[in-house]
1. Given the criterion closer than 30 Å to residue 9 by Cβ, surrounded by 24 or more Cβ atoms within 10 Å (Cβ to Cβ) and at pLDDT below 85, identify the matching residue among 255, 343, 271.
2. Residues in the range 393-400: is at least one open to solvent by less than 10 Å² (accessible area, probe 1.4 Å), in contact with a Phe, Trp or Tyr (Cβ under 6 Å, 6 or more places away or on another chain) and within 30 Å of residue 302 (Cβ to Cβ)?
3. Could you check the range 274-310 and list, in sequence order, the residues that are farther than 22 Å from residue 162 by Cβ, modelled with pLDDT of 80 or more, open to solvent by less than 40 Å² (accessible area, probe 1.4 Å) and hydrophobic (A, V, I, L, M, F, W, C)?
4. It is to be established whether one or more residues within the range 344-356 are of a type outside the set (A, V, I, L, M), in contact (Cβ under 8 Å) with a residue 12 or more places away in the chain, touching a His at 6+ places or on another chain (Cβ under 7 Å) and farther than 30 Å from residue 470 by Cβ.
5. Any idea which of 320, 348 is closer than 19 Å to residue 140 by Cα and small (Gly, Ala, Ser)?
6. Among the residues of the range 210-229, how many are without any contact (Cβ under 8 Å) to a residue 24 or more places away in the chain and within 16 Å of residue 73 (Cβ to Cβ)?
7. Looking at the range 378-416, which of the residues that are of a type in the set (D, E, K, R) and modelled with pLDDT under 90 is nearest to residue 429 (Cα to Cα)?
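The values are calculated or read from the model by the stated rules, or taken from the named source; none is laboratory data. Quantities reported herein were computed from a predicted structural model and do not represent experimental measurements. Here the Cβ positions follow ideal geometry from the backbone for every residue, glycine too, while neighbour counts run over all protein chains shown. Calculation scope for accessible area: heavy atoms of the full protein, side chains included, ligands and nucleic acids excluded. Shrake-Rupley method; radii C 1.70, N 1.55, O 1.52, S 1.80 Å.
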Amino acid sequence: MVSMVGPIVTLIISLIVMLYIGWYSFKKRQAESMEDYFLASRTVGTLVVALSLFATQYSGNSMIGYTARAYRIGFQQLVFPVFMVMIPVAYMLFIPRLYVLAHRRKYITLLDFLEDRFRSKTLCFIAGIFLFWGIYVQFIEQLQASGTLFAGLGSHIPYWSGVVILGSIIAVYVAIGGMRGAMLAQAIQGGIMFLGILFLIIYSWIHFGGLGSSVQKLLEISPSKVLPPQSSGGILNWASTMALVGLGGAMYAHSIQQLFASRNENVLKHSLARMAVLTFITPTILVFIGVIAAANILGLSGMDTEKVIPIMLTQIMQRSTFAYWAMSIVFTAILMATLSTASGVLISLTTIIIRDFYRRFINPNVTDLKATRVARWFNFVILIVSMILVLEPKTTIWRLTEIKFEGLLQAVPAVLLGLYWSRATKPAIITGMLVGGVVAVGMSLSGNPRFLGIHGGVLGMLLNFFVAITISLMTSSKEDEIQSFGEKFVNLFKLNQ
């Protein structure tokens, strides 16, 4: 049995640092306002934005769930680096324009733009449901990844301990530090995570014999894990996955809030450029780790495959003292990856509930002071409900990933058409979202989440676009709405050219 002293020591040190950051951020707040709590008063610099975005995109579900998927399907998971690069590419479709509007018109969330654009609380409510769906499932992923990591290190460690301990720490430092605390912590967590990934690939290579020998073993025991997809369904699934993750990942409410928090446009551009590099290197390493594990750790199937990383850690720890402490850092890195994403998600969940739902639909006159105080306590409500739901995991982390993106995709047509097409109408966008959502949910509940390899959420988004465009063309916009669109969302950029 491997001693847990090293992982516990490195974890405690890291958690103390995270709690200090929360306290420091609380002291550095500029005002007890929603803009300060949810956007750090729009003062965040390039390094913090870039590392926090990186840490948000690569979380515990990436290191545990995506590596487990590479263990199950082999090199077909090389679509992972490609579709993660699609996220910064997708950002370029709308973030530069949306960022300028957010600073000029003081948007805090994506729904602020949609309400300003379409003047419809119904549309905002439906879009808010899809955004909340996506990031809440992501929060569940992080808690499940924490529990899986703890449980995989030894039979004497209960699954629930990882869920409760890490969840509680997240809620505390997010409640205290807000977006400023979350992003500063994420920046440090991103650095620790990248160091941990490097340690893991180096020691996996040394301990198990490297990628070349692993490929030779797989050719003998499971050749399908080495070969590319042979069927048209497999190829369509690759393309569908790129659309699913690229566009869905770009709709993360917490990532958009982090981008809104950027100090200026140069910070935004430099952050996205650095993110694009990191989003290719990191998942490629994780795929290689999964392939090495598939060749050397045999006999895992189903939900047990998600314990492959903890099993690798315990085996490598026994190699030497240095390896033991290196893997202790990897253990902490995985938990930091989980903490980084979960903290950003948690603050966005409270933003949606308090600002987008409570203030917009229930109590428009609530003061910033009261709203931020309620938001701090609501972090713990969300955490308790989520812990109850995740104590008995029902599906793999990868399937949860697909489910979250299928919801987020249904907000894509509203954002893109709202930004670039003056003839997009409220009834058209609302109908499109409802039709797309019904398709995505219906296919998932039917037990057939794909058609010809294409995800139900992707099909729903395509139908969403079609319905929104068709109805908009059939029901012409009012002249004053088109003029308002030009004044608010077009003329500003003509002046900047």
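1. Of the residues listed, the single one that is closer than 30 Å to residue 9 by Cβ, surrounded by 24 or more Cβ atoms within 10 Å (Cβ to Cβ) and at pLDDT below 85 is 343.
2. Checking the range 393-400: not a single residue is open to solvent by less than 10 Å² (accessible area, probe 1.4 Å), in contact with a Phe, Trp or Tyr (Cβ under 6 Å, 6 or more places away or on another chain) and within 30 Å of residue 302 (Cβ to Cβ).
3. Within the range 274-310, 285, 287, 291, 292, 294, 295 qualify.
4. The answer is yes, given that some residue of the range 344-356 is of a type outside the set (A, V, I, L, M), in contact (Cβ under 8 Å) with a residue 12 or more places away in the chain, touching a His at 6+ places or on another chain (Cβ under 7 Å) and farther than 30 Å from residue 470 by Cβ.
5. 348
6. Of the residues in the range 210-229, 2 are without any contact (Cβ under 8 Å) to a residue 24 or more places away in the chain and within 16 Å of residue 73 (Cβ to Cβ).
7. Filtering the range 378-416 for residues that are of a type in the set (D, E, K, R) and modelled with pLDDT under 90, the one nearest to residue 429 (Cα to Cα) comes out as 404.
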